[in-house]
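Read through the structure below, which is laid out as structure tokens, and then see the notes.
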2 protein chains.
Amino acid sequence: MNRLDLDCSEPKPVLVVGSVAFDNIVTPFATGERILGGSASFASLAVSYYAPALLVGVIGNDFDERHLDRFRDHDIDLEGLQRDNSGATFFWKGRYHENFNQRDTIELQLNVFENFRPELPDSYQDSTYLMLGNIAPGLQLHVLEQMKSKPYVLADTIDLWIDVQKEELLQVVSKVDLFVINDSESEQLTGEKNIILAGARLLDFGAKAAIIKKGEHGAYLFHPEGLFALPAYPVTELRDPTGAGDSFAGALLGCLAACDSTSFATLKKAMLYATATASMTVEDFSCDRLESAGADAIQGRYDELVGMTQL
Amino acid sequence: MNRLDLDCSEPKPVLVVGSVAFDNIVTPFATGERILGGSASFASLAVSYYAPALLVGVIGNDFDERHLDRFRDHDIDLEGLQRDNSGATFFWKGRYHENFNQRDTIELQLNVFENFRPELPDSYQDSTYLMLGNIAPGLQLHVLEQMKSKPYVLADTIDLWIDVQKEELLQVVSKVDLFVINDSESEQLTGEKNIILAGARLLDFGAKAAIIKKGEHGAYLFHPEGLFALPAYPVTELRDPTGAGDSFAGALLGCLAACDSTSFATLKKAMLYATATASMTVEDFSCDRLESAGADAIQGRYDELVGMTQL
């Protein structure tokens with residue numbers, strides 16, 4: 001185990017629900033084939049640098065031990081990872097445009113994900129930190145209903161759900177402590193181009209706090225106690241942005257769980273750790289760099305971010 | 001006089017050289033006709049909140065007392081403002097696109113600016129802070145040659161000069177302490193899309209430090225002692241971005257002159273004051289909001305920026 005020392009209390013576990021997938025990724029410079037992807041994969045690995053991660057998702061008959069070992073090596077609890085031998089693992093093929101700001105879905109095979117309903121093991125139902133990674137909002141609500149505790153909930157989404165399950169998504173937003181979304185999606189969901197007004201709308205929708213991510217331009221936190229904004233970590237070799245948002249959200253919630261605090265001050269610090277962690281993910285395909293980075297390198301980037309933003 | 005109290009030494013004067021103009025501005029929402037513009041107008045007004053400003057530029061036979069009084073009201077020294085009665089003041093008509101990120105020049109009348117060569121009054125030649133606002137790089141070099149002191153020099157430019165006077169512009173860059181440019185122009189000048197690599201190139205070109213401005217996404221300072229990055233002030237009512245860059249540069253140099261310090265620490269603080277000051281400019285046409293803002297409101301926005309960026 002390779003965990004950052006945040007000098008806080010004993011870390012609380014973080015329950016992560018989301019997709020586990022195989023991706024084919026085409027960038028202007030290279031291609032990755034059948035590489036590990038999915039919101040829960042990136043998020044749970046990111047969590048693992050800060051706190052114990054419990055993974056809920058589904059894999060098919062083609063998901064081998066080699067990939068399971070990648071989670072085990074980060075001490076990720078797999079009791080909630082269902083295997084469905086009736087088909088293959090969820091598969092996504094995407095292509096990034098030249099500036100990496102846009103991507104197109106070229107192929108999508110739901111496979112075992114088509115019939116997936118996340119069911120939480122008993123021991124997971126009293127978790128105090130819950131990440132609803134990117135899956136259908138209806139499934140996110142189904143997870144919330146199973147919680148016996150009143151966890152601190154972070155939810156993430158993508159543009160697809162704004163198009164096809166907006167009503168359920170707004171229900172999710174209204175129930176969560178922290179809603180995380182990127183800038184183009186926030187405009188799509190709120191109708192507001194201006195990020196400050198869009199953030200205010202997300203709180204109007206009922207989220208207790210919200211983060212709007214702007215990719216290479218950083219991220220904004222909207223919180224009842226105020227606004228906090230942060231530039232991105234200065235990455236010079238962007239290789240594959242897939243999973244950056246999931247890594248950001250996982251690290252952020254992991255950091256809160258590590259300190260067992262959800263105060264505005266802890267959230268600010270967690271924004272820096274999340275940015276440092278996600279900057280690793282984009283430097284290589286799949287979870288490769290995120291997995292291999294190590295706690296010291298992430299702490300180093302956090303320290304750099306402090307240096308480049310604090311007076 | 002309405003000056004911010006930075007709790008530093010006695011402010012040093014700032015010599016500002018640039019254009020004074022009348023603008024017609026067309027935005028998607030409104031139009032401003034024959035309004036005060038020009039790099040030196042915005043920059044000297046911005047300086048005036050921090051330090052005494054000395055203005056060098058040229059006006060034509062249509063520039064009336066009413067507009068001169070706008071400078072006088074801010075105690076801007078006009079000894080270096082030449083009047084050329086042979087023609088009209090420099091005129092520019094521009095139209096902004098819907099997102100305000102791009103603008104087109106619709107009409108340009110050089111008028112008295114065509115034969116303008118900035119000549120510095122004797123008393124200006126030993127200034128210790130010099131802003132070379134946006135004018136032809138050849139004229140910026142002509143100003144540098146007249147200086148008897150070795151001033152701290154900030155230079156600004158626009159895309160036009162990268163197209164038509166790149167060699168002279170690179171000479172300017174190589175001679176200045178702080179080169180300020182926006183992100184699209186920095187890509188045009190350095191060939192680097194990545195802002196971190198572009199900033200490094202500007203230092204390779206000989207600038208002792210450089211700032212790349214990203215508009216609504218903030219600004220980056222590249223300095224031998226390190227990198228500093230700042231988000232934009234959260235403006236929700238953008239009316240006319242004309243002059244934002246000039247106001248930013250003027251306020252930044254004014255802040256250094258107010259503290260008579262060009263250390264990395266002072267530069268960081270000056271980036272926040274520059275951001276706060278420029279945020280005023282964009283909220284109305286011309287220099288209107290910049291002029292009327294007042295020191296307290298600018299200090300208030302600086303304090304807000306501290307709140308939204310510091311842990």
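The values are calculated or read from the model by the stated rules, or taken from the named source; none is laboratory data. Note that this is a predicted model, so its numbers are computed, not measured. Here the Cβ is made from the backbone with ideal geometry for all residues, glycine too, and neighbour counts use every protein chain on show.
So the values come out like this:
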read-out	value
Filter result for residue B:85 (free of Cβ contacts under 8 Å to residues at least 60 places away in the same chain and more than 27 Å from residue B:297 (Cα to Cα))	yes
Number of the exception - residue A:120 against (1) aliphatic (A, V, I, L, M); (2) loosely packed, with under 13 Cβ neighbours inside 10 Å; (3) more than 26 Å from residue A:163 (Cα to Cα)	(2)
Residue in region A:139-161 that is among the acidic types (Asp, Glu) and crowded, with 21+ Cβ neighbours inside 10 Å present	yes
Check on residue A:292, surrounded by fewer than 24 Cβ atoms within 10 Å (Cβ to Cβ), within 12 Å of residue A:49 (Cα to Cα) and of a type outside the set (Lys, Arg)	yes
Qualifying position, being of a type in the set (Ser, Thr, Tyr) and within 17 Å of residue A:42 (Cβ to Cβ), among A:247, A:261	A:247
Those residues of region B:222-239 which are modelled with pLDDT of 95 or more and more than 9 Å from chain A (Cβ to nearest Cβ), in sequence order	B:222, B:223, B:224, B:225, B:233
Conditions (1) assigned to a helix (DSSP H, G or I); (2) within 14 Å of chain A (Cβ to nearest Cβ); number of the one not met by residue B:202	(2)
Residue B:164 being β-branched (Val, Ile, Thr), surrounded by fewer than 24 Cβ atoms within 10 Å (Cβ to Cβ) and away from every other protein chain (no Cβ under 14 Å)	yes
Residue A:180 more than 10 Å from chain B (Cβ to nearest Cβ), crowded, with 22+ Cβ neighbours inside 10 Å and farther than 30 Å from residue B:199 by Cβ	no
Pair list, Cβ under 6 Å, 6 or more apart: region B:144-163 residue without any contact (Cβ under 8 Å) to a residue 24 or more places away in the chain, other residue exposed (fewer than 15 other Cβ atoms within 10 Å of the Cβ) and acidic (Asp, Glu)	B:148/B:126
Yes/no for residue B:113 being modelled with pLDDT under 95 and either assigned to a helix (DSSP H, G or I) or at positive phi (or both)	yes
Meets criteria (over 30 Å from residue B:198 (Cβ atoms), in contact (Cβ under 8 Å) with a residue 12 or more places away in the chain and either among the small types (Gly, Ala, Ser) or buried (at least 18 other Cβ atoms within 10 Å of the Cβ) (or both)) for residue A:274	no
Qualifying residue in region B:245-261 (condition: over 22 Å from residue A:301 (Cα atoms) and either without any contact (Cβ under 8 Å) to a residue 60 or more places away in the chain or within 12 Å of chain A (Cβ to nearest Cβ) (or both))	no
Candidate set from region B:79-97 (those that are assigned to a loop (DSSP other than H, G, I, E, B) and of a type in the set (D, E, K, R)); member that is nearest to residue B:44 (Cα to Cα)	B:79
Test: residue in region A:134-142 that is polar (S, T, N, Q), assigned to a loop (DSSP other than H, G, I, E, B) and over 18 Å from the mean Cα position of the chain (by Cα)	no
Complete set of residues in region B:279-311 that are over 17 Å from the mean Cα position of the chain (by Cα), among the charged types (D, E, K, R) and within 14 Å of chain A (Cβ to nearest Cβ)	B:301, B:303, B:304
Residues of region A:273-303 that turn out to be in contact with a Leu (Cβ under 8 Å, 6 or more places away or on another chain) and farther than 18 Å from residue A:32 by Cβ, as a count	9
Within region A:164-199, tally of residues that are closer than 19 Å to residue A:223 by Cβ and either free of Cβ contacts under 8 Å to residues at least 12 places away in the same chain or not in a helix (DSSP H, G or I) (or both)	10
Every pair of residues 6+ apart whose Cβ atoms lie under 6 Å, when the first sits in region A:62-80 and is in contact (Cβ under 8 Å) with a residue 24 or more places away in the chain while the second is surrounded by fewer than 16 Cβ atoms within 10 Å (Cβ to Cβ)	A:75/A:1; A:79/A:121; A:80/A:121
Considering residues of region B:30-62 that are under 17 Å from residue B:244 (Cα atoms) and hydrophobic (A, V, I, L, M, F, W, C) only, the residue surrounded by the most Cβ atoms within 10 Å (Cβ to Cβ)	B:46
Residues of region B:216-241 satisfying the condition of being small (Gly, Ala, Ser) and within 14 Å of residue B:281 (Cβ to Cβ)	B:232
From B:256, B:267, residue being modelled with pLDDT of 95 or more, within 21 Å of residue A:310 (Cα to Cα), surrounded by fewer than 24 Cβ atoms within 10 Å (Cβ to Cβ) and not β-branched (Val, Ile, Thr)	B:267
Residue tally, condition among the polar types (S, T, N, Q) and more than 13 Å from the chain's Cα centre (by Cα), over region A:231-247	1
Single condition residue B:65 does not satisfy, out of (1) surrounded by fewer than 21 Cβ atoms within 10 Å (Cβ to Cβ); (2) in contact with a strand residue (DSSP E or B) (Cβ under 9 Å, 6 or more places away or on another chain)	(2)
Residue A:267 vs. criteria in contact with a Leu (Cβ under 8 Å, 6 or more places away or on another chain), more than 22 Å from residue A:51 (Cβ to Cβ) and within 11 Å of chain B (Cβ to nearest Cβ)	no
Selection count where residues are at the interface with chain A (Cβ under 9 Å from one of its Cβ atoms) and either closer than 18 Å to residue B:131 by Cβ or among the aromatic types (Phe, Trp, Tyr) (or both), scope region B:210-220	1
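Each row is one residue, and each column tells you yes or no for (1) of a type outside the set (A, V, I, L, M); (2) modelled with pLDDT under 95.
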residue	(1), (2)
A:126	yes, no
A:160	no, yes
A:168	yes, no
A:174	yes, no
A:178	no, no
